[in-house]
Amino acid sequence: MPQALIAFLTPWRDPAGRFSWLKTAVVLLALFPAVELALGAWFHALGGRPITEATHISGDWIIRFLLLSLAVTPARAVLNWPRVIILRRLLGVTAACYAVLHLGLYIYDQKWNLIVVASEIVLRVYLLIGFIALLGFAVLAITSTDGWQRRLRTRWKKLHRLVFPISVLTMLHFYMQSKVNVGDAVIYSGFLFWLLLWRALPRRWQPRLAALPALAIGAALLTAAAETLWYGTATKIPALRVLAANLGPDPRPAAYVLLAGLAVLGLALLRRLRRPRLARAI
Ligand code: HEM
(Lines give C-alpha, C1' and ligand atoms only; values in the text may rest on other atoms or scores of the structure.)
Protein backbone atom coordinates (compact mmCIF):
# COMPACT_ATOMS: atom_id res chain seq x y z
CA MET A 1 0.00 0.00 0.00
CA PRO A 2 1.39 3.49 -0.83
CA GLN A 3 2.91 5.32 2.15
CA ALA A 4 0.59 8.35 1.77
CA LEU A 5 -2.49 6.12 1.89
CA ILE A 6 -1.25 4.31 5.03
CA ALA A 7 -0.59 7.70 6.70
CA PHE A 8 -4.08 8.89 5.66
CA LEU A 9 -5.78 5.75 7.03
CA THR A 10 -3.85 5.80 10.34
CA PRO A 11 -3.77 9.51 11.26
CA TRP A 12 -3.07 8.75 14.95
CA ARG A 13 0.47 7.55 14.12
CA ASP A 14 3.53 9.82 14.10
CA PRO A 15 5.90 9.98 11.08
CA ALA A 16 7.91 7.08 12.56
CA GLY A 17 4.74 4.95 12.57
CA ARG A 18 4.34 4.96 16.37
CA PHE A 19 1.06 5.63 18.20
CA SER A 20 0.88 9.31 19.21
CA TRP A 21 -1.40 10.61 21.98
CA LEU A 22 -1.03 14.14 20.61
CA LYS A 23 -2.19 13.14 17.13
CA THR A 24 -4.98 10.97 18.56
CA ALA A 25 -6.29 13.97 20.54
CA VAL A 26 -6.29 16.09 17.38
CA VAL A 27 -7.97 13.32 15.35
CA LEU A 28 -10.76 13.28 17.97
CA LEU A 29 -11.01 17.07 17.79
CA ALA A 30 -11.15 16.83 13.98
CA LEU A 31 -14.05 14.38 14.18
CA PHE A 32 -15.94 16.40 16.78
CA PRO A 33 -17.71 18.87 14.40
CA ALA A 34 -18.72 16.02 12.06
CA VAL A 35 -20.24 14.14 15.00
CA GLU A 36 -21.87 17.36 16.27
CA LEU A 37 -23.45 17.93 12.84
CA ALA A 38 -24.52 14.31 12.39
CA LEU A 39 -26.16 14.18 15.86
CA GLY A 40 -27.76 17.60 15.31
CA ALA A 41 -29.26 16.40 12.01
CA TRP A 42 -30.36 13.03 13.44
CA PHE A 43 -32.09 14.58 16.46
CA HIS A 44 -33.45 17.58 14.50
CA ALA A 45 -31.50 19.90 16.78
CA LEU A 46 -30.20 22.26 14.07
CA GLY A 47 -33.14 24.67 14.25
CA GLY A 48 -35.69 25.73 11.64
CA ARG A 49 -33.11 25.99 8.82
CA PRO A 50 -30.86 23.00 9.47
CA ILE A 51 -28.81 23.25 6.26
CA THR A 52 -28.07 26.94 6.81
CA GLU A 53 -27.12 26.19 10.41
CA ALA A 54 -24.87 23.31 9.29
CA THR A 55 -23.26 25.63 6.70
CA HIS A 56 -22.47 28.10 9.50
CA ILE A 57 -21.13 25.44 11.86
CA SER A 58 -18.90 23.92 9.17
CA GLY A 59 -17.71 27.42 8.12
CA ASP A 60 -16.70 28.23 11.70
CA TRP A 61 -14.73 25.00 11.99
CA ILE A 62 -12.86 25.57 8.71
CA ILE A 63 -11.61 28.85 10.15
CA ARG A 64 -10.69 27.27 13.52
CA PHE A 65 -8.74 24.38 11.97
CA LEU A 66 -7.06 26.74 9.51
CA LEU A 67 -5.91 29.06 12.31
CA LEU A 68 -4.75 26.09 14.40
CA SER A 69 -2.71 24.76 11.48
CA LEU A 70 -1.14 28.21 11.01
CA ALA A 71 -0.39 28.36 14.76
CA VAL A 72 1.73 25.18 14.69
CA THR A 73 4.96 26.77 13.41
CA PRO A 74 4.82 29.70 15.90
CA ALA A 75 4.02 27.22 18.73
CA ARG A 76 7.08 25.17 17.79
CA ALA A 77 9.33 28.24 17.97
CA VAL A 78 7.77 30.28 20.79
CA LEU A 79 7.05 27.35 23.12
CA ASN A 80 10.08 25.38 21.93
CA TRP A 81 7.86 22.40 21.26
CA PRO A 82 9.34 20.56 18.24
CA ARG A 83 6.90 17.64 18.38
CA VAL A 84 3.90 19.85 17.66
CA ILE A 85 4.95 19.97 14.00
CA ILE A 86 3.41 16.48 13.44
CA LEU A 87 -0.01 18.17 13.78
CA ARG A 88 0.35 20.74 10.99
CA ARG A 89 -0.66 18.58 8.04
CA LEU A 90 -3.47 16.90 9.96
CA LEU A 91 -4.98 20.25 10.96
CA GLY A 92 -4.63 21.73 7.46
CA VAL A 93 -6.18 18.70 5.74
CA THR A 94 -9.01 18.73 8.31
CA ALA A 95 -9.75 22.38 7.42
CA ALA A 96 -9.81 21.44 3.72
CA CYS A 97 -12.18 18.50 4.40
CA TYR A 98 -14.64 20.77 6.25
CA ALA A 99 -14.37 23.26 3.36
CA VAL A 100 -15.50 20.50 0.97
CA LEU A 101 -18.37 19.61 3.34
CA HIS A 102 -19.30 23.33 3.56
CA LEU A 103 -19.54 23.57 -0.23
CA GLY A 104 -21.41 20.23 -0.34
CA LEU A 105 -24.00 21.59 2.11
CA TYR A 106 -24.42 24.69 -0.03
CA ILE A 107 -24.94 22.55 -3.16
CA TYR A 108 -27.45 20.39 -1.24
CA ASP A 109 -29.26 23.57 -0.16
CA GLN A 110 -29.54 24.49 -3.86
CA LYS A 111 -31.15 21.06 -4.48
CA TRP A 112 -28.07 19.78 -6.40
CA ASN A 113 -28.78 22.24 -9.21
CA LEU A 114 -25.19 22.88 -10.32
CA ILE A 115 -26.20 25.58 -12.78
CA VAL A 116 -27.78 27.61 -9.97
CA VAL A 117 -24.72 26.94 -7.78
CA ALA A 118 -22.30 28.08 -10.53
CA SER A 119 -24.31 31.22 -11.34
CA GLU A 120 -24.63 32.13 -7.64
CA ILE A 121 -20.86 31.74 -7.22
CA VAL A 122 -20.21 33.98 -10.20
CA LEU A 123 -22.82 36.59 -9.19
CA ARG A 124 -22.22 36.85 -5.44
CA VAL A 125 -18.79 38.21 -4.64
CA TYR A 126 -18.61 36.59 -1.15
CA LEU A 127 -19.32 33.17 -2.66
CA LEU A 128 -16.76 33.72 -5.42
CA ILE A 129 -14.14 34.66 -2.81
CA GLY A 130 -15.04 31.56 -0.74
CA PHE A 131 -14.84 29.39 -3.84
CA ILE A 132 -11.39 30.67 -4.83
CA ALA A 133 -10.22 30.01 -1.25
CA LEU A 134 -11.68 26.50 -1.43
CA LEU A 135 -9.83 25.75 -4.69
CA GLY A 136 -6.62 26.96 -3.06
CA PHE A 137 -7.26 24.74 -0.05
CA ALA A 138 -7.85 21.74 -2.29
CA VAL A 139 -4.50 22.25 -4.07
CA LEU A 140 -2.66 22.59 -0.75
CA ALA A 141 -4.36 19.51 0.75
CA ILE A 142 -3.61 17.34 -2.31
CA THR A 143 0.04 18.42 -2.47
CA SER A 144 0.55 18.09 1.30
CA THR A 145 1.88 14.51 1.05
CA ASP A 146 5.58 13.54 1.39
CA GLY A 147 5.51 12.38 -2.24
CA TRP A 148 4.46 15.81 -3.52
CA GLN A 149 6.93 17.45 -1.16
CA ARG A 150 9.76 15.41 -2.75
CA ARG A 151 8.48 16.00 -6.29
CA LEU A 152 8.15 19.79 -5.98
CA ARG A 153 11.29 20.27 -3.84
CA THR A 154 11.93 24.00 -3.24
CA ARG A 155 8.76 24.95 -5.14
CA TRP A 156 6.71 23.09 -2.48
CA LYS A 157 7.47 25.71 0.18
CA LYS A 158 6.60 28.51 -2.23
CA LEU A 159 3.33 26.80 -3.16
CA HIS A 160 2.37 26.24 0.48
CA ARG A 161 3.01 29.89 1.33
CA LEU A 162 -0.21 30.45 -0.58
CA VAL A 163 -1.95 29.48 2.66
CA PHE A 164 -1.55 33.11 3.79
CA PRO A 165 -3.41 34.82 0.92
CA ILE A 166 -5.96 31.98 1.08
CA SER A 167 -6.52 32.71 4.79
CA VAL A 168 -7.06 36.39 4.00
CA LEU A 169 -9.67 35.41 1.39
CA THR A 170 -11.48 33.13 3.87
CA MET A 171 -11.65 36.02 6.36
CA LEU A 172 -13.06 38.30 3.68
CA HIS A 173 -15.73 35.68 2.91
CA PHE A 174 -16.47 35.45 6.66
CA TYR A 175 -16.81 39.26 7.01
CA MET A 176 -18.97 39.62 3.90
CA GLN A 177 -21.47 36.91 4.85
CA SER A 178 -21.72 38.19 8.44
CA LYS A 179 -23.94 41.11 7.38
CA VAL A 180 -24.53 43.45 10.37
CA ASN A 181 -22.74 41.65 13.20
CA VAL A 182 -19.16 40.94 12.21
CA GLY A 183 -18.01 40.34 15.82
CA ASP A 184 -16.81 36.75 15.38
CA ALA A 185 -15.19 37.49 12.02
CA VAL A 186 -13.30 40.41 13.58
CA ILE A 187 -12.02 38.25 16.46
CA TYR A 188 -10.84 35.47 14.15
CA SER A 189 -9.19 37.97 11.81
CA GLY A 190 -7.41 39.39 14.89
CA PHE A 191 -5.91 35.95 15.52
CA LEU A 192 -4.86 35.84 11.87
CA PHE A 193 -3.21 39.28 12.29
CA TRP A 194 -1.15 37.89 15.19
CA LEU A 195 -0.06 34.91 13.07
CA LEU A 196 0.82 37.09 10.06
CA LEU A 197 2.72 39.58 12.23
CA TRP A 198 4.70 36.72 13.77
CA ARG A 199 5.64 35.48 10.26
CA ALA A 200 6.74 38.99 9.32
CA LEU A 201 9.25 39.10 12.20
CA PRO A 202 12.92 38.59 11.35
CA ARG A 203 13.72 34.88 11.85
CA ARG A 204 15.95 35.41 14.90
CA TRP A 205 13.17 37.32 16.64
CA GLN A 206 10.51 34.67 16.09
CA PRO A 207 11.33 32.48 19.13
CA ARG A 208 11.93 35.45 21.46
CA LEU A 209 9.75 36.23 24.44
CA ALA A 210 10.40 39.97 24.06
CA ALA A 211 8.52 39.99 20.72
CA LEU A 212 5.28 38.68 22.25
CA PRO A 213 3.96 41.82 24.03
CA ALA A 214 4.51 43.85 20.85
CA LEU A 215 2.73 41.15 18.80
CA ALA A 216 -0.24 41.13 21.20
CA ILE A 217 -0.58 44.92 21.04
CA GLY A 218 0.01 45.06 17.27
CA ALA A 219 -2.63 42.38 16.55
CA ALA A 220 -5.15 44.12 18.86
CA LEU A 221 -4.60 47.50 17.15
CA LEU A 222 -4.99 45.95 13.70
CA THR A 223 -8.18 44.25 14.91
CA ALA A 224 -9.65 47.57 16.08
CA ALA A 225 -8.60 49.14 12.75
CA ALA A 226 -10.18 46.32 10.71
CA GLU A 227 -13.43 46.57 12.68
CA THR A 228 -13.54 50.34 12.26
CA LEU A 229 -12.76 50.11 8.55
CA TRP A 230 -15.42 47.45 8.02
CA TYR A 231 -18.20 49.34 9.80
CA GLY A 232 -17.05 52.59 8.21
CA THR A 233 -17.21 51.25 4.64
CA ALA A 234 -19.82 48.46 4.69
CA THR A 235 -22.42 49.99 7.05
CA LYS A 236 -23.75 53.39 7.96
CA ILE A 237 -22.37 53.18 11.51
CA PRO A 238 -19.86 56.06 11.91
CA ALA A 239 -16.33 54.67 12.02
CA LEU A 240 -15.33 56.94 14.93
CA ARG A 241 -18.12 55.54 17.11
CA VAL A 242 -16.77 52.02 16.57
CA LEU A 243 -13.23 53.14 17.33
CA ALA A 244 -14.39 54.96 20.47
CA ALA A 245 -16.29 51.83 21.62
CA ASN A 246 -12.90 50.12 21.91
CA LEU A 247 -12.06 52.50 24.73
CA GLY A 248 -15.37 51.92 26.55
CA PRO A 249 -16.26 49.37 29.26
CA ASP A 250 -17.78 46.69 26.97
CA PRO A 251 -15.21 44.19 25.73
CA ARG A 252 -14.65 44.54 21.96
CA PRO A 253 -12.95 42.02 19.62
CA ALA A 254 -9.63 43.88 19.96
CA ALA A 255 -9.71 43.22 23.72
CA TYR A 256 -10.14 39.47 23.19
CA VAL A 257 -7.27 39.46 20.68
CA LEU A 258 -5.07 41.34 23.17
CA LEU A 259 -5.98 38.81 25.90
CA ALA A 260 -5.18 35.89 23.59
CA GLY A 261 -1.82 37.49 22.72
CA LEU A 262 -1.05 37.92 26.43
CA ALA A 263 -2.09 34.30 27.05
CA VAL A 264 0.54 33.22 24.51
CA LEU A 265 3.08 35.33 26.42
CA GLY A 266 2.00 33.64 29.68
CA LEU A 267 2.38 30.16 28.17
CA ALA A 268 5.81 31.00 26.78
CA LEU A 269 6.88 32.32 30.20
CA LEU A 270 5.63 29.16 31.90
CA ARG A 271 7.59 26.99 29.44
CA ARG A 272 10.73 28.95 30.22
CA LEU A 273 10.19 28.65 33.97
CA ARG A 274 9.78 24.89 33.65
CA ARG A 275 12.76 24.58 31.31
CA PRO A 276 15.34 27.16 32.41
CA ARG A 277 17.56 26.24 29.44
CA LEU A 278 15.01 28.00 27.22
CA ALA A 279 15.38 31.26 29.14
CA ARG A 280 18.12 32.17 26.66
CA ALA A 281 15.43 32.90 24.06
CA ILE A 282 14.22 36.10 25.73
C1 HEM B 1 -12.38 27.58 2.27
C2 HEM B 1 -13.33 28.37 1.95
C3 HEM B 1 -14.43 28.82 2.87
C4 HEM B 1 -14.38 29.20 4.19
C5 HEM B 1 -13.19 29.23 5.13
C6 HEM B 1 -15.72 29.55 4.56
C7 HEM B 1 -16.09 29.99 5.83
C8 HEM B 1 -17.34 30.42 6.17
C9 HEM B 1 -17.70 30.95 7.46
C10 HEM B 1 -16.74 31.11 8.64
C11 HEM B 1 -19.00 31.25 7.43
C12 HEM B 1 -19.80 31.87 8.55
C13 HEM B 1 -20.13 30.97 9.67
C14 HEM B 1 -20.88 31.72 10.74
O15 HEM B 1 -21.64 32.61 10.44
O16 HEM B 1 -20.72 31.40 11.91
C17 HEM B 1 -19.50 30.91 6.11
C18 HEM B 1 -20.80 31.08 5.69
C19 HEM B 1 -21.25 30.71 4.47
N20 HEM B 1 -20.51 30.21 3.43
FE21 HEM B 1 -18.54 29.81 3.44
N22 HEM B 1 -16.55 29.39 3.48
C23 HEM B 1 -15.80 28.95 2.43
C24 HEM B 1 -16.22 28.66 1.16
C25 HEM B 1 -17.54 28.73 0.75
C26 HEM B 1 -18.03 28.33 -0.54
C27 HEM B 1 -17.17 27.77 -1.66
C28 HEM B 1 -19.38 28.54 -0.52
C29 HEM B 1 -20.38 28.29 -1.59
C30 HEM B 1 -20.16 28.41 -2.84
C31 HEM B 1 -19.73 29.08 0.77
C32 HEM B 1 -21.00 29.43 1.16
C33 HEM B 1 -21.36 29.96 2.37
C34 HEM B 1 -22.71 30.34 2.75
C35 HEM B 1 -23.94 30.21 1.86
C36 HEM B 1 -22.64 30.81 4.05
C37 HEM B 1 -23.81 31.31 4.91
C38 HEM B 1 -24.22 32.68 4.45
C39 HEM B 1 -25.54 33.13 5.05
O40 HEM B 1 -26.05 32.55 5.98
O41 HEM B 1 -26.06 34.10 4.51
N42 HEM B 1 -18.59 29.17 1.52
N43 HEM B 1 -18.46 30.41 5.37
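The values are calculated or read from the model by the stated rules, or taken from the named source; none is laboratory data. Everything numeric in this text was worked out from a predicted model, so none of it was measured. Don't worry about glycine lacking a Cβ; one is built from the backbone with ideal geometry, like all the others, and counts go over all protein chains shown.
General remarks:
- For A77, the stated conditions do not hold, so it cannot be described as within 11 Å of the ligand (Cβ to nearest atom) and surrounded by 13 or more Cβ atoms within 10 Å (Cβ to Cβ).
- Looking at L278, L265, just one residue is at pLDDT below 80, assigned to a helix (DSSP H, G or I) and either out of contact with any Pro (no Cβ under 9 Å at 6 or more places or on another chain) or among the hydrophobic types (A, V, I, L, M, F, W, C) (or both), and that residue is L278.
- Taking the criterion of being farther than 15 Å from L28 by Cα and either at pLDDT below 75 or exposed (fewer than 12 other Cβ atoms within 10 Å of the Cβ) (or both), the residues of the stretch 1-14 that qualify are M1, P2, Q3, A4, L5, I6.
- Single unsatisfied condition, L240 versus (1) surrounded by 17 or more Cβ atoms within 10 Å (Cβ to Cβ); (2) away from the ligand (no atom under 16 Å from the Cβ); (3) in a helix (DSSP H, G or I): (1)
- Some residue of the stretch 161-176 being closer than 30 Å to A16 by Cα and of a type in the set (A, V, I, L, M): yes
- When F164 is tested against (1) of a type in the set (F, W, Y); (2) outside the structural domain of R64 (by TED's automatic domain parsing); (3) closer than 21 Å to G92 by Cβ, only condition (2) is not met.
- Residue in the stretch 177-187 that is at positive phi and out of contact with any strand residue (DSSP E or B) (no Cβ under 8 Å at 6 or more places or on another chain) present: yes
- Residue that is nearest to Y98 (Cα to Cα) [pool: residues in the stretch 35-73 that are polar (S, T, N, Q) and within 9 Å of the ligand (Cβ to nearest atom)]: S58
- Helices (runs of 4 or more DSSP H) lying entirely in the stretch 97-209 (those with 3 or more residues that are more than 19 Å from the chain's Cα centre (by Cα) and either without any contact (Cβ under 8 Å) to a residue 40 or more places away in the chain or within 8 Å of the ligand (Cβ to nearest atom) (or both)): 114-123, 146-152, 154-160
- Positions within the stretch 5-49 being basic (K, R) and assigned to a loop (DSSP other than H, G, I, E, B), in sequence order: R18, R49
- Counting the residues of the stretch 24-54 that are buried (at least 16 other Cβ atoms within 10 Å of the Cβ) and touching a helix residue (DSSP H, G or I) at 6+ places or on another chain (Cβ under 6 Å) gives 6.
- Checked against (1) touching a residue at least 40 places away in the same chain (Cβ under 8 Å); (2) in contact with a Leu (Cβ under 8 Å, 6 or more places away or on another chain); (3) not basic (K, R), G40 meets all criteria but (1).
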